[in-house]
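Q: The structure follows.
The values are calculated or read from the model by the stated rules, or taken from the named source; none is laboratory data. This structure is a prediction, so every number in the text was calculated from the model and none was measured. Here the Cβ is made from the backbone with ideal geometry for all residues, glycine too, and neighbour counts use every protein chain on show. For the accessible areas, the whole protein counts, side chains as well, though only heavy atoms, and no ligand, DNA or RNA atoms are used. Shrake-Rupley method; radii C 1.70, N 1.55, O 1.52, S 1.80 Å.
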Amino acid sequence: MAENGEEKLIAVARHIAKTLGHTDTMTDDILQIFSNFDNRFREKLTDDQPLERALKSLHRQISRHLSAQHPIWSDSAESASFLDSVDQLLAVIHEWNPMANDKSVSASLDKADDLLQQAMFRLQDEFTTLMQRSSESVDLTRYQNGGTNLGDYYESEEEEVDDDDDDDDSGEIPIAHPVTDYGILIEALPAGIISDLHEIAKRMVAAGYEKECSHAYSVSRREFLEESLSRLGLQKLSMDQVQKMQWNELEDEIEKWVKAVNVALRILFPSERRLCDRVFFGFNSVSDLSFMEVSRGSTIQLLNFADAVAISSRAPERLFKVLDVYEALRDLMPEFELMFSDQYCVLLRNEALTIWRRLGEAIRGIFMELENLIRRDPAKTPVPGGGLHPITRYVMNYIRAACRSRITLEQVFEEIVVPSASAVDYRDGDDRALSSSSLAVQMAWIMELLESNLEAKSKIYKDSALLAVFMMNNERYIVQKVKDSELGLLLGDDWIRKHAAKVKQYHVNYHRSSWCKASGVLKVDNNAMSPTGASRSLKEKLKLFNSYFEEICKTQSTWIIFDEQLKEELRISVAGALSPAYRNFIGRLQSNNDSSRHTERHIKLSVEDLEGRISELFQGSSGSGGGRK
């Protein structure tokens, strides 16, 4: 330490002499005066080439390492010697830099910089060799919390290769099993290797070669990360390729993507962040830059896929998979915030946020397309028997399934304006944070469109009773689907009561259109009439009633009531209206003395027969398609 201070003092003396001396002679005189103060400094002050001598010594040491044909870090003693020589070279350069204006010193420093550059290039090569020697993509399913370490992984990998030689030449990347435990810590490199890399990084950063060191690190780890994602079955697809895929193929890719993005953000990226911080410990900026370079390609690959899904077709059947992508990004936004908040990665985080919101726009667009589908569904061919229309079944099952993601849809339709990305709890979707009003309005609007469409379709039926049956069937189906799902929470009890009342009104309309004429015939005129005239009138009315009843039963036996409870209610109400009137009419006819001898010939139906025929109403016919699903 004393010797080092002495060298600095001598360097300062030389600098003063050079500064004050206007000529070489004056400089020598000043140095002579300094040397007279202490005989120990005499030889050193009068020696013109201490820097050259130091550099020659370091050149010999470093060149010996540079000429080595084997990896320097294969021998711990040799690597320590090399680092020590580099440290000495950096110290010499640092010591003499204040005198760089001196021509002789400047020339020597140029040589020192050349030597340092050669040393840095070799360190970069050694850094890369250590990275490549120790990096392999990881089958994540081998890890358990606090269990398997990297050494176990390497060992089992080798065993697998030995056991299955046929796969060695296939060139295919094996696909990992599904990962269910995200609390996995990947020790991607052994601790000893990380320590060696850190020591190299310290020298390269000190020498101003941090970008070269970061590049060497990033190239190796980027390959590791990309291959690890490939093991999860994730293909490298351009946005154009994604948009041109058949929907069934894209569904499969979305499932793989959801798994891959969760593994990437919850396991791979945090592990890479941790490794960067350990290798570049103490150099935050270099660590941030390196992590960005490692993760950028994989992150862009993941985000581009989500973006392609967001801007692709908005056909209604795509809603549920788009919701999967939206929810995956939403749930991972805290991880994006954590991983990509530094100066280098913030653009990636902002892009993730933008694409997440774009997916929300896509979901709203899909609902708009559903509205257009309902509007465009033509009112051309009536459903046989007044049964359930396919558009009713499709729309109700669709939105019922959609409402299983009610919390997510509430978030989408609220169109939250976020003042600051860091202020958002992306997973917060409960009723305390998000009002359901926007989604409720959307669902009520779809219901209104559907009902308007059905009313237009009902006009095709010429029989007003069949029109009522058609509307009763479809309205009942709508009400029941709402009551039995999240839709009930959205639309509310008032909406349900209002539409249940509509079903009852169509029930009344059906009775009025179908049975009023028949039941009107059974009304007995109590005006004074001769027994013969009364008997004739009753027989004529009975004959007319039988005609009406047969016609109605023949027609309505092929009509459809899809809901068994509603069907039974209708039969009971019809029987309840007709049976008492028919029983009273038959009693009146049988009590007439003039017709008592021939009464049985005119009565074709007993009250029990009439009720039996009513119970056969609404049986439907094969191919009528009115069943409930």
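Q: Given (1) touching a Ser or Thr at 6+ places or on another chain (Cβ under 8 Å); (2) within 19 Å of residue 351 (Cα to Cα), identify the lone condition not met by residue 286.
A: Only one criterion in (1) touching a Ser or Thr at 6+ places or on another chain (Cβ under 8 Å); (2) within 19 Å of residue 351 (Cα to Cα) is unmet by residue 286, namely (2).
Q: On the basis of being surrounded by 17 or more Cβ atoms within 10 Å (Cβ to Cβ), within 30 Å of residue 314 (Cα to Cα) and not small (Gly, Ala, Ser), does residue 247 make the cut? Walk me through it before giving the result.
A: Details: surrounded by 17 or more Cβ atoms within 10 Å (Cβ to Cβ): no; within 30 Å of residue 314 (Cα to Cα): yes; not small (Gly, Ala, Ser): yes.
Judged against the criteria, residue 247 is not a match.
Q: Given the options 90, 20, name the one that is modelled with pLDDT of 85 or more and aliphatic (A, V, I, L, M). Spell out the reasoning first.
A: Working: 20 fails: modelled with pLDDT of 85 or more.
Just a single option satisfies the conditions, and that option is 90.
Q: Can you say whether residue 300 is open to solvent by less than 40 Å² (accessible area, probe 1.4 Å), out of contact with any Lys or Arg (no Cβ under 8 Å at 6 or more places or on another chain) and on the phi < 0 side of the Ramachandran plot, as far as the supplied structure shows?
A: So residue 300 does not fit the description; no.
Q: Do we find a residue being among the small types (Gly, Ala, Ser), within 19 Å of residue 201 (Cβ to Cβ), open to solvent by less than 40 Å² (accessible area, probe 1.4 Å) and in contact (Cβ under 8 Å) with a residue 24 or more places away in the chain anywhere in region 106-113?
A: So far as region 106-113 goes, no, none of its residues is among the small types (Gly, Ala, Ser), within 19 Å of residue 201 (Cβ to Cβ), open to solvent by less than 40 Å² (accessible area, probe 1.4 Å) and in contact (Cβ under 8 Å) with a residue 24 or more places away in the chain.
Q: Another one. Does residue 230 satisfy the condition of being closer than 30 Å to residue 202 by Cβ and either of a type outside the set (A, V, I, L, M) or open to solvent by 30 Å² or more (accessible area, probe 1.4 Å) (or both)?
A: So residue 230 fails the test.
Q: Here is a follow-up. Given (1) open to solvent by 50 Å² or more (accessible area, probe 1.4 Å); (2) small (Gly, Ala, Ser); (3) under 22 Å from the mean Cα position of the chain (by Cα), identify the lone condition not met by residue 206.
A: Result: residue 206 passes all but (3).
Q: Now a separate question. Among 586, 560, 603, which is at negative phi, surrounded by 14 or more Cβ atoms within 10 Å (Cβ to Cβ), modelled with pLDDT of 90 or more and not hydroxyl-bearing (Ser, Thr, Tyr)?
A: It is 560.
Q: Residue by residue through region 56-78, note down the ones that are closer than 15 Å to residue 124 by Cβ and assigned to a helix (DSSP H, G or I).
A: Passing the criteria: 62, 65, 66, 72, 73.
Q: Is it true that some residue in region 250-267 is basic (Lys, Arg), in contact (Cβ under 8 Å) with a residue 12 or more places away in the chain and open to solvent by less than 50 Å² (accessible area, probe 1.4 Å)?
A: Among the residues of region 250-267, not one is basic (Lys, Arg), in contact (Cβ under 8 Å) with a residue 12 or more places away in the chain and open to solvent by less than 50 Å² (accessible area, probe 1.4 Å), which makes the answer no.
Q: Taking the options 367, 320, name whichever one is open to solvent by 40 Å² or more (accessible area, probe 1.4 Å) and more than 14 Å from residue 265 (Cα to Cα).
A: Details: 367 fails: open to solvent by 40 Å² or more (accessible area, probe 1.4 Å).
Exactly one of 367, 320 is open to solvent by 40 Å² or more (accessible area, probe 1.4 Å) and more than 14 Å from residue 265 (Cα to Cα), namely 320.
Q: Applying the selection to region 350-364, what residues are touching a helix residue (DSSP H, G or I) at 6+ places or on another chain (Cβ under 7 Å), open to solvent by 40 Å² or more (accessible area, probe 1.4 Å) and closer than 18 Å to residue 261 by Cα?
A: If the condition is that a residue be touching a helix residue (DSSP H, G or I) at 6+ places or on another chain (Cβ under 7 Å), open to solvent by 40 Å² or more (accessible area, probe 1.4 Å) and closer than 18 Å to residue 261 by Cα, then 351, 358 are the ones that fit.
Q: Let me ask another. For region 73-93, which positions are open to solvent by 50 Å² or more (accessible area, probe 1.4 Å) and more than 13 Å from residue 203 (Cα to Cα)?
A: Answer for region 73-93, where residues must be open to solvent by 50 Å² or more (accessible area, probe 1.4 Å) and more than 13 Å from residue 203 (Cα to Cα): 74, 75, 76, 77.
Q: What single numbered condition from (1) over 18 Å from the mean Cα position of the chain (by Cα); (2) under 24 Å from residue 319 (Cβ atoms) fails to hold for residue 231?
A: Among (1) over 18 Å from the mean Cα position of the chain (by Cα); (2) under 24 Å from residue 319 (Cβ atoms), residue 231 violates only (2).
Q: Scan 271, 285 and give me the residue that is at pLDDT below 95, over 19 Å from residue 189 (Cα atoms) and open to solvent by 10 Å² or more (accessible area, probe 1.4 Å).
A: 285 is the lone residue from the list that is at pLDDT below 95, over 19 Å from residue 189 (Cα atoms) and open to solvent by 10 Å² or more (accessible area, probe 1.4 Å).
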